[in-house]
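K.L.:
Dropping a structure here in structure tokens format, bear with me for questions.
The values are calculated or read from the model by the stated rules, or taken from the named source; none is laboratory data. Values in this document were obtained by computation on a predicted structure and should not be read as measured data. Glycine also receives a Cβ, built like all others from the backbone with ideal geometry; neighbour counts cover every protein chain displayed. Calculation scope for accessible area: heavy atoms of the full protein, side chains included, ligands and nucleic acids excluded. Shrake-Rupley method; radii C 1.70, N 1.55, O 1.52, S 1.80 Å.
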Amino acid sequence: MVQDAWGGISEELRSEIGESNHKNWIAPLECLGVSDGVAKFRAPSRFVGDWVKRTYHDQIFAHLRAISADISRLEFIVGDKPRPAGPQAQTMTAPANDPLQGSPLDGRYSFDNFVVGKPNELAHAAARRVAEGGQVTFNPLFLYGGVGLGKTHLMHAIAWEVQARHPGLQVLYLSAEQFMYRFVQALRDREIMDFKNLFRSVDMLMVDDVQFIAGKESTQEEFFHTFNALVDQNKQIIISADRAPGEIKDLEARISSRLQCGLVVDLHPTNYELRLGILQRKAAQFAQSYGSIQIDDGVFEFLAHKITTNVRVLEGALQRLFAFSSLIGQEVTLDMAQDCLSDILRSSDRRVTVEEIQRKVAEHFNIRLSDMLGPKRTRTIARPRQIAMYLAKDMTSRSLPEIGRRFGGRDHTTILHGVRKVEEMRGTDSQLNEDIELLRRLLES
Ligand code: ADP
Ligand code: MG
């Protein structure tokens with residue numbers, strides 16, 4: 001019987017995780033036995049169950065598996081009086097479905113899988129430093145940057161690394177949204193002391209996307225207290241946000257200033273080399289799950305050039321190529337990639353705005369932006385204007401009337417005329433072709 005073995009397992013866990021962790025988290029568990037491959041435990045409170053599941057699940061599971069191969073998962077039931085696991089019992093099985101869980105860590109988000117380039121080298125170095133553990137030199141570490149630039153990846157990498165180096169340390173990673181959710185839940189269930197104890201007992205706290213709590217007063221308040229309590233104990237805190245602390249609207253000034261006390265580093269938008277590196281690294285990873293596929297030269301370069309906003313999108317594109325290629329059993333050519341990714345490529349193109357095109361073209365030909373938009377019809381102005389119209393039609397998804405409006409309210413036929421004119425000239429004028437290609441590259445980079 002598993003219940004009989006539990007005493008021994010619990011003792012082994014004591015030596016693995018230490019006396020105080022054992023007392024707090026393992027000793028309060030009651031093993032209820034196994035049915036249908038599910039090993040059930042009762043935890044005295046939701047927080048204990050939640051915490052155990054997040055922190056010790058794998059260890060407990062490994063021990064149980066060693067005594068019975070039939071066990072396929074663990075379940076934690078909440079309640080302090082013995083009662084059957086009926087409909088009224090709170091179970092916490094699937095981490096993904098249970099909003100009370102701290103976010104599970106993604107195994108792929110390791111330092112090994114993080115490609116370092118100029119735009120992220122500082123953030124990476126800071127994350128590495130924090131992950132070494134040891135003396136807390138800057139607290140908090142505040143990482144910020146746009147969507148998909150690797151903030152969450154770096155935070156998970158820190159958590160993995162710390163757990164590997166210092167298995168005894170309690171690392172809690174969660175999104176600010178979950179922080180709020182847990183807080184609200186704790187208030188409702190009158191478990192606020194448990195909540196406070198839980199957060200104050202961690203050795204490292206990571207809160208992702210902290211901009212989420214802006215404007216949410218009591219959550220901010222609680223976050224502030226948690227934050228201060230941990231800093232006072234010299235526990236490392238790592239925060240991420242989509243912008244700098246001072247730029248988060250509706251974030252209390254005292255919080256924003258505390259967030260700036262440590263080290264604030266930003267992840268810059270990716271550059272071409274970094275994107276290329278990421279594609280190569282991800283391709284090697286995908287090859288492991290999808291099997292190797294043949295990718296023609298130039299495809300990665302093309303993607304790194306075209307998809308510039310968000311690494312997640314880049315990754316999605318690559319994944320689709322892998323799926324598609326292994327499905328139809330063909331190599332990935334440039335044509336195939338363009339076809340298969342036309343929607344992604346189109347929406348990435350939308351990034352360039354008509355205004356940017358006008359600005360760049362005006363700059364390139366040394367004319368004033370006001371002239372480009374204005375009525376002058378001299379050739380030195382009209383020609384660049386037509387080139388800008390051509391690029392606007394070519395590089396954005398704007399319609400002719402929309403482009404016309406942006407060119408000082410011109411009619412769509414005027415735009416069409418300009419576009420045709422440039423197309424016609426491109427056939428013979430090599431200087432014009434060079435100008436256009438240069439401008440296109442500038443605008444796409
Ligand atoms: P953020 O949290 O900043 O929005 P994520 O960390 O979720 O971004 O990153 C989005 C995706 O891009 C993830 O799959 C991540 O692995 C990947 N990614 C981002 N930057 C890098 C990088 N430098 N090297 C490898 N993968 C990266
Ligand atoms: Mg993120």
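K.L.:
Which number in (1) closer than 27 Å to His305 by Cα; (2) open to solvent by 80 Å² or more (accessible area, probe 1.4 Å); (3) touching a residue at least 12 places away in the same chain (Cβ under 8 Å); (4) not in a helix (DSSP H, G or I) marks the one condition that Glu423 misses?
P.N.:
(4)
K.L.:
Now, a different point. Given the options Arg275, Arg243, name the one that is of a type in the set (D, E, K, R) and open to solvent by less than 20 Å² (accessible area, probe 1.4 Å). Please lay out each step first, then the result.
P.N.:
Working: Arg243 fails: open to solvent by less than 20 Å² (accessible area, probe 1.4 Å).
Just a single option satisfies the conditions, and that option is Arg275.
K.L.:
Looking at Leu400, is it under 25 Å from Ile307 (Cβ atoms), under 42 Å from the mean Cα position of the chain (by Cα) and not basic (Lys, Arg)?
P.N.:
no
Yes/no per residue for (1) surrounded by 13 or more Cβ atoms within 10 Å (Cβ to Cβ); (2) modelled with pLDDT of 95 or more:
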{"position": "Arg351", "(1), (2)": "yes, no"}
{"position": "Arg385", "(1), (2)": "yes, yes"}
{"position": "Ser397", "(1), (2)": "no, no"}
{"position": "Asp435", "(1), (2)": "yes, no"}
{"position": "Leu438", "(1), (2)": "no, no"}
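K.L.:
Any residue at all in segment 153-162 that's at pLDDT below 90 and either away from ligand 1 (no atom under 14 Å from the Cβ) or in a helix (DSSP H, G or I) (or both)?
P.N.:
No, segment 153-162 contains no residue that is at pLDDT below 90 and either away from ligand 1 (no atom under 14 Å from the Cβ) or in a helix (DSSP H, G or I) (or both).
K.L.:
Starting from residues that are more than 16 Å from ligand 2 (Cβ to nearest atom) and open to solvent by 50 Å² or more (accessible area, probe 1.4 Å), keep the ones in segment 169-188 and report whichever is nearest to Tyr109 (Cα to Cα).
P.N.:
This residue is Leu169.
K.L.:
Still on this model: When segment 132-158 is examined, which residues are found to be open to solvent by 30 Å² or more (accessible area, probe 1.4 Å) and near ligand 2 (Cβ under 10 Å from one of its atoms)?
P.N.:
Val147, Thr152
K.L.:
Restricting segment 191-230 to residues that are assigned to a loop (DSSP other than H, G, I, E, B) and more than 16 Å from ligand 1 (Cβ to nearest atom), which is surrounded by the most Cβ atoms within 10 Å (Cβ to Cβ)?
P.N.:
Per the criteria, the residue is Val202.
K.L.:
While we're looking at this one, here's another question. Is there a residue in segment 387-397 that is touching a Lys or Arg at 6+ places or on another chain (Cβ under 7 Å) and over 12 Å from Val361 (Cβ atoms)?
P.N.:
Yes, there is a match, as at least one residue in segment 387-397 is touching a Lys or Arg at 6+ places or on another chain (Cβ under 7 Å) and over 12 Å from Val361 (Cβ atoms).
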